[in-house]
Amino acid sequence: MSVAVVGTGNLGSRVARRLADGGVEVVVAATDMSSARDVAQGIGHGARAVEVEDAITGFDTVVFATWLATKDLFDQHAGQLANKIVVDPSNNIGPDGSVRVQELEPGRRLGWATTGGGGPARRPLS
């Protein structure tokens, strides 16, 4: 199993580390490649840094550990996310405390599963 984690903040770096500690092949991606390289190097276990585009297109499981950019990433990469497992471990609370619900383009469907402690796991179905 191999997983791409997009995002190198507190959540993304911890998710990537836990997966790597468990023996999963992990790549880390961020818009700032130096941040992705630093996180991958700190994780060890063969974790490596890749560009966001490569993470999304090259792996069957993608974790979007991004704060407010997840919907934009879904929209930008909708075609590449078809038939992949997409996990969004964030919560839906906006910076002002309001509840956010992500809406995708018309006709897109998501499968939902709870992750037990975080947000829902999402998988584009179409």
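Every number in this text was worked out from the coordinates using simple rules, so none of it is lab data. These numbers were taken from a predicted model, which means no experiment stands behind them. For neighbour counting, all protein chains shown are included, and Cβ atoms are generated from backbone atoms with ideal geometry for every residue, glycine included.
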Review point. Can you list the residues, at least 5 places off or on another chain, whose amide H is less than 5 Å from the amide H of GLU25, using H built in the peptide plane?
Key: VAL3
Study note, to complete from the structure: Residues whose modelled amide H sits under 5 Å from the amide H of ALA49, counting only those 5 or more places away in sequence or on another chain, are VAL28
Point to revise | Amide H within-cut-off set for VAL87, under 5 Å, with H built and near neighbours excluded | key: VAL62, VAL63, PHE64, ARG122
**Study point:** Residues SER35, SER13 arranged by fewest to most Cβ contacts within 10 Å
**Key:** SER35, SER13
